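K.L.:
My structure is below; once you've seen it, I'll send some questions.
The values are calculated or read from the model by the stated rules, or taken from the named source; none is laboratory data. Quick caveat: nothing in here was measured; it's all calculated off a predicted structure. Cβ atoms come from the backbone with ideal geometry, glycine included; neighbour counts cover every protein chain shown.
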Amino acid sequence: MSVAYVMLLSILSAVTAAQTGGPVVDPDPNRFDREIGAFTQWDSRNAFPVDPILFVGSSSIRMWRTREAFPDLPVINRGFGGSHISDVIHFASRIVLPYKAKTIVFYAGDNDIAGGKSAQRVLDDYRKFVAFARHDLPGVPIVFISIKPSGSRWSLWPEMKKANDLVKGFSATDARLFFADLARPLLGSSGEPDPELFLDDRLHLNARGYAAWTKTLKPSIREALQARP
């Protein structure tokens, strides 16, 4: 990793601390060593698609049957449940960069807000992820899936929506960054999460919820693929 890149991350970290009133302690990424090790082991024994669409992030990615949902695309799923954006960054050299993806589909931030991080911190950490990915994959299109509303975390929705708005604004500054609003399809006529789209835990999507996500995400993926350098 170059000295210039290390300096870039340091600057971004300093900005985060200044904007949030102090540094926010990230959870220990080593809690995911087993899951990441399983990905590494699988990769050592199997061939993965050339120029894939990489889905990465927390449990909403892990539980998504992406190969079935997108049968016409060379998909790789590297979701690991409970992860924060900081965890994805920590393991990116093992679960993002090796695949040389032609597009990255990213979902994280849900657990960050639930863990006490602010909307601004979500934005700043996502900016760090983009910088990390672009360092080795210049110009790679990245689709940010909006943090989802859910019954079990409904009290946190105002901060989650704020994070979504911040990331949407950031994405608008770069022609190869995309914001996919997958929150709206999960809301019922009352304006609250539709329980018919969630598992009994009121947090994770069921098959109907993922069908709604798949239908809404496809146009964003097509747009991202057309934006490749």
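K.L.:
Residues being in contact with a Leu (Cβ under 7 Å, 6 or more places away or on another chain), within 21 Å of Phe55 (Cα to Cα) and either of a type in the set (Ser, Thr, Tyr) or part of a loop (DSSP other than H, G, I, E, B) (or both): count how many of those fall in region 151-179. Spell out how you get there, then give the answer.
P.N.:
Within region 151-179, the subset in contact with a Leu (Cβ under 7 Å, 6 or more places away or on another chain) is 152-153, 163, 166-167, 170-171.
Checking which are within 21 Å of Phe55 (Cα to Cα) leaves us with 163, 167, 170-171.
Still in the list and also either of a type in the set (Ser, Thr, Tyr) or part of a loop (DSSP other than H, G, I, E, B) (or both): 171.
Number of matching residues: 1.
K.L.:
Same structure, new question: Test of understanding: among Ala172, Ala211, Ala224, Ala180, which residue is exposed (fewer than 12 other Cβ atoms within 10 Å of the Cβ), at pLDDT 95 or above and not acidic (Asp, Glu)? It would help to see each step written out before you state the result.
P.N.:
Numbers: Ala211 fails: exposed (fewer than 12 other Cβ atoms within 10 Å of the Cβ); Ala224 fails: exposed (fewer than 12 other Cβ atoms within 10 Å of the Cβ); Ala180 fails: exposed (fewer than 12 other Cβ atoms within 10 Å of the Cβ).
After ruling out the rest, the residue left standing is Ala172.
K.L.:
For region 76-96, what are the residues that are touching a Leu at 6+ places or on another chain (Cβ under 7 Å) and either surrounded by fewer than 20 Cβ atoms within 10 Å (Cβ to Cβ) or of a type in the set (A, V, I, L, M, F, W, C) (or both)?
P.N.:
Going through region 76-96, the residues touching a Leu at 6+ places or on another chain (Cβ under 7 Å) turn out to be 76, 78, 96.
Of everything in region 76-96, those that are touching a Leu at 6+ places or on another chain (Cβ under 7 Å) and either surrounded by fewer than 20 Cβ atoms within 10 Å (Cβ to Cβ) or of a type in the set (A, V, I, L, M, F, W, C) (or both) turn out to be Ile76, Val96.
K.L.:
For Leu203, indicate whether it is surrounded by 20 or more Cβ atoms within 10 Å (Cβ to Cβ), of a type in the set (A, V, I, L, M) and within 29 Å of Ala92 (Cβ to Cβ).
P.N.:
Details: surrounded by 20 or more Cβ atoms within 10 Å (Cβ to Cβ): no; of a type in the set (A, V, I, L, M): yes; within 29 Å of Ala92 (Cβ to Cβ): yes.
Answer is no for this residue.
K.L.:
Please list, ordered by first then second residue, the pairs with beta carbon atoms under 6 Å, 6 or more apart or interchain, first in region 44-73 and touching a residue at least 40 places away in the same chain (Cβ under 8 Å) and on the phi > 0 side of the Ramachandran plot, second surrounded by 17 or more Cβ atoms within 10 Å (Cβ to Cβ) and charged (D, E, K, R).
P.N.:
Every condition considered, the pairs that remain are Asp51/Lys102.
K.L.:
Going residue by residue through region 102-113, is there one that turns out to be farther than 24 Å from Ala212 by Cβ and at pLDDT 95 or above? Let's see the steps before the verdict.
P.N.:
Start the filter on region 102-113 by keeping residues that are farther than 24 Å from Ala212 by Cβ, which leaves 102.
Imposing the further condition that a residue be at pLDDT 95 or above reduces the set to 102.
There is at least one residue in region 102-113 that is farther than 24 Å from Ala212 by Cβ and at pLDDT 95 or above.
K.L.:
While we're looking at this one, here's another question. Given the conditions (1) assigned to a loop (DSSP other than H, G, I, E, B); (2) touching an Asp or Glu at 6+ places or on another chain (Cβ under 8 Å); (3) farther than 16 Å from Gly109 by Cα, and given that Arg208 satisfies all but one, which numbered condition is not satisfied?
P.N.:
In the conditions (1) assigned to a loop (DSSP other than H, G, I, E, B); (2) touching an Asp or Glu at 6+ places or on another chain (Cβ under 8 Å); (3) farther than 16 Å from Gly109 by Cα, Arg208 misses (1) alone.
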